[in-house]
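The values are calculated or read from the model by the stated rules, or taken from the named source; none is laboratory data. Predicted, not measured: the structure shown is a model, and the values here were computed from it. Cβ sites come from the backbone with ideal geometry, for glycine too, and all protein chains shown count toward neighbours.
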């Protein structure tokens with residue numbers, strides 16, 4: 001009779017040890033702690049049409065660099081300035097607008113650039129271009145990335161159109177990008193708190 005009591009006691013001890021170990025791991029599905037500081041930068045993109053192919057027209061949020069669309073399809077948005085009825089209207093386009101996978105997207109924000117502290121987690125248009133003017137604020141979500149095991153999330157950024165040069169067919173942006181996978185902080189110069 002004592003044998004079943006020992007087995008029950010061992011099972012209870014193992015169950016208690018498992019529960020303690022699981023509790024110590026917190027949430028295995030949570031984002032890893034943020035380690036990078038969101039940064040504030042300025043860059044210029046040139047139109048896909050009407051500018052030299054050597055001028056970069058796209059931005060890769062994952063690698064954090066401007067990109068040429070003749071060399072890669074790994075980008076999160078690209079600029080085009082098609083002529084429409086004699087007007088040159090700058091458009092910022094997500095990859096889905098080019099028939100590429102609809103992963104990531106763009107949305108116009110009515111909130112002033114400096115007042116945007118966090119990116120929304122939804123509402124991004126994955127297939128249509130966003131019309132730009134000086135002062136336009138655009139929110140961008142990147143292609144999804146593996147953050148923690150099988151958990152995938154995008155990177156987030158806010159962009160402010162600071163200049164449009166129709167003669168050069170270019171647009172200059174100010175951007176704050178959070179390089180931490182899944183974090184939506186748009187505050188430059190400080191590591192975001194854990195979600």
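Determine, yes or no, whether residue 83 is over 24 Å from residue 169 (Cα atoms) and at pLDDT below 95. No. Answer yes or no as to whether residue 58 is more than 17 Å from residue 93 (Cα to Cα) and either surrounded by 14 or more Cβ atoms within 10 Å (Cβ to Cβ) or modelled with pLDDT under 90 (or both). Here the answer is no, as residue 58 does not meet what is asked. Residues that are assigned to a loop (DSSP other than H, G, I, E, B) and under 11 Å from the mean Cα position of the chain (by Cα) within the range 172-195 comprise 179, 180, 181, 182, 183, 184, 186, listed in sequence order.
Return the total of residues in the range 136-179 being closer than 18 Å to residue 65 by Cα and out of contact with any strand residue (DSSP E or B) (no Cβ under 8 Å at 6 or more places or on another chain). Even if it seems obvious, please write down each step before you answer.
So the first thing to find is which residues in the range 136-179 are closer than 18 Å to residue 65 by Cα, and the list is 138-145, 154-161, 170-179.
Next, only the ones that are out of contact with any strand residue (DSSP E or B) (no Cβ under 8 Å at 6 or more places or on another chain) stay: 143.
Result for the range 136-179: 1.
Being in contact with a helix residue (DSSP H, G or I) (Cβ under 9 Å, 6 or more places away or on another chain), more than 21 Å from residue 50 (Cβ to Cβ) and without any contact (Cβ under 8 Å) to a residue 60 or more places away in the chain is a condition met by at least one residue of the range 129-139.
Of the residues making up the range 64-91, those that are free of Cβ contacts under 8 Å to residues at least 60 places away in the same chain, surrounded by 18 or more Cβ atoms within 10 Å (Cβ to Cβ) and either in contact with a helix residue (DSSP H, G or I) (Cβ under 6 Å, 6 or more places away or on another chain) or assigned to a strand (DSSP E or B) (or both) are 67, 78, 80, 91.
Taking the listed residues 140, 34, 133, 128, the one that is assigned to a loop (DSSP other than H, G, I, E, B) and modelled with pLDDT of 95 or more is 133, with no other qualifying.
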